Amino acid sequence: NSLEIRGKKYAETLKMNGMLQVLDSTVISNQCEVWVVSASLDIWVKPLFNSLEVNVLASKIFKDGLGKWQFGLHCYGDEKASQLLALGIKQLSKVYTDGMGDSAIVAMSEEWHGVHRGQVVEVGKGLITFESWVQRIKRKR
């Protein structure tokens, strides 16, 4: 549909700031299964990773009987963890996060990587260090 076409065109305009290379090297080395979990719409996120064998879990929309767009799934905050748990994923080795509503998946991870302005700026373990980092980033914005 036209929304998917617009999503693909939109994805072509985005810069990944080296994230595709990081993911590509991880996938190629077969170190782990890679999941991209985002509150953004799946029709925008999936095209970003077409060249890689990664799993994408993102928000979904549909048109209701009146032709209005509705969320089928809004993959934000605790819903990210709920969806992963529903798929049988209980633990993550690394989480790359901008800090916006990701506490639930950080709690599932061994290590988190804080991303600010497209760059990893801090690496940590545990929710206490994560929450401290989020507060520092909020003050910088």
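The values are calculated or read from the model by the stated rules, or taken from the named source; none is laboratory data. Note that the structure is predicted; figures quoted are calculated from it, not measured. Counting neighbours? That spans all protein chains shown, and the Cβs are built from the backbone with ideal geometry, glycine included. With ligands, DNA and RNA removed, areas are computed over all heavy atoms of the protein, side chains included. Shrake-Rupley method; radii C 1.70, N 1.55, O 1.52, S 1.80 Å.
Here are a few things to note about the model shown:
- Within the chain, percent of DSSP bridges classed antiparallel, to nearest 5: 45 percent
- Charge dipole (debye, nearest 20) of the chain; +1 at Cβ of Lys and Arg, -1 at Cβ of Asp and Glu: 580 debye
- Residue of LEU66, LEU48, LEU57 that the Gaussian network model of the chain assigns the largest fluctuation, springs spanning Cα pairs under 10 Å: LEU66
- For SER109, residues with placed amide H under 5 Å, excluding near neighbours: LEU92
- Accessible surface area normalised per residue over the chain is 64 Å², counting heavy atoms of protein chains with a 1.4 Å rolling probe.
- For the chain, the share of accessible area belonging to carbon and sulfur comes to 51 percent (1.4 Å probe, ligands and nucleic acids excluded).
- Remark: the LYS125-ASN1 segment gains 40.4 nm on full extension, using 0.36 nm per residue and subtracting the alpha carbon distance.
- Length-normalised contact order of the chain in % [C-alpha pairs under 8 Å, at least 6 apart]: 15 percent
- Computed from backbone phi with θ = phi - 60° and the Karplus coefficients 6.51, -1.76 and 1.60, the 3J(HN,Hα) list for segment 82-95 is 4, 5, 5, 4, 5, 8, x, 8, 9, 9, 10, 7, 9, 10 Hz; x is used for glycine and proline.
- With Cα atoms, 0 to 90° folded angle of helix 127-140 axis to the chain main axis: 70 degrees
- Set LYS46/LYS125; LYS63/LYS90; LYS68/LYS94; LYS9/LYS68 screened for pairs whose C-alpha atoms are more than 30 Å apart: LYS63/LYS90; LYS68/LYS94
- Rounded to 10°, Cα long-axis angle of helix 2-13 versus longest principal axis of the chain: 40 degrees
- Close amide H pairs (under 5 Å, H built 1.01 Å from N) link HIS116 with VAL121, residues at least 5 positions away or on another chain.
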